[in-house]
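Please read the structure below before turning to the comments.
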């Protein structure tokens, strides 16, 4: 039996290819009493593809306290609950971390499963150093705030990793070039999906490649740290 009574399981879900879901994740989803998820429609569709039907409990930024209490009650009664996000690992740039924090405060046992996450394939396929990287997540959608944050990151020697919207990616790259300089970078899009693509080169070269194109899909931007920029300038 994969699932033990009275625990919360953090279950990563595919970011693209359904084949990326692990056997263990499927077993947990099959055995738990309920699944707490970001969007019941998305998770419901996933469960249907897996041939499963489960009680779904929605969570988001505005109901985490209520949902945490509900999950705590279920776990206290000996049930086990899975927490899943729309795609990837729960808690990475989504509100699941609030449920985790509440569960810890209530002394509930948490089991985190390894699995799909866009950060790792983007970094490892970027060609940039992987020994140290800094995951920023989403920058502000406002240029002034975005530039302020980039200025704070400018001195880091770590490879920098960002999530970005296809609607903002060109403006975000322009701000990065202005604040960070024309560093080596990689635009990874649609990871694990049919139109997966990696565009590598200086930030200016990437901007040029996508200038007249409508970029679609989920995007991860990987940018060289300060030390790598310094090496390329020597």
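What number goes with the only condition from (1) in the same structural domain as residue 226 (by TED's automatic domain parsing); (2) touching a residue at least 24 places away in the same chain (Cβ under 8 Å); (3) within 27 Å of residue 37 (Cβ to Cβ) that residue 167 does not pass?
(2)
Out of curiosity, is residue 75 in a helix (DSSP H, G or I) and either free of Cβ contacts under 8 Å to residues at least 12 places away in the same chain or not assigned by TED's automatic domain parsing to the domain that holds residue 163 (or both)?
Yes.
Please determine, by comparing only the residues of region 187-208 that are within 17 Å of the chain's Cα centre (by Cα), in contact (Cβ under 8 Å) with a residue 60 or more places away in the chain and crowded, with 16+ Cβ neighbours inside 10 Å, which one is farthest from residue 120 (Cα to Cα).
190
Identify, by number, the condition in (1) out of contact with any helix residue (DSSP H, G or I) (no Cβ under 8 Å at 6 or more places or on another chain); (2) loosely packed, with under 13 Cβ neighbours inside 10 Å; (3) modelled with pLDDT under 85 that residue 61 doesn't meet.
Residue 61 satisfies all of (1) out of contact with any helix residue (DSSP H, G or I) (no Cβ under 8 Å at 6 or more places or on another chain); (2) loosely packed, with under 13 Cβ neighbours inside 10 Å; (3) modelled with pLDDT under 85 except (1).
Can you find a residue in region 129-141 that is over 30 Å from residue 176 (Cα atoms), in a loop (DSSP other than H, G, I, E, B), at pLDDT 95 or above and within 17 Å of the chain's Cα centre (by Cα)?
No: region 129-141 contains no residue that is over 30 Å from residue 176 (Cα atoms), in a loop (DSSP other than H, G, I, E, B), at pLDDT 95 or above and within 17 Å of the chain's Cα centre (by Cα).
Any residue in region 118-128 that is assigned to a strand (DSSP E or B), modelled with pLDDT of 95 or more and either surrounded by fewer than 20 Cβ atoms within 10 Å (Cβ to Cβ) or in contact with a helix residue (DSSP H, G or I) (Cβ under 8 Å, 6 or more places away or on another chain) (or both)?
no
List pairs: first residue in region 121-135 and over 20 Å from residue 14 (Cβ atoms), second residue assigned to a loop (DSSP other than H, G, I, E, B) anywhere in the structure, Cβ distance under 6 angstrom, at least six positions apart or on different chains.
128/224; 132/158; 133/158; 134/156; 134/158
Can you name every residue in region 16-51 that is assigned to a loop (DSSP other than H, G, I, E, B), at pLDDT 95 or above and buried (at least 19 other Cβ atoms within 10 Å of the Cβ)?
21, 32
The values are calculated or read from the model by the stated rules, or taken from the named source; none is laboratory data. As the structure is a computational prediction, the values presented were derived from the model and not from experiment. Here Cβ is always computed from backbone atoms with ideal geometry, including for glycine, and neighbour counts include all displayed protein chains.
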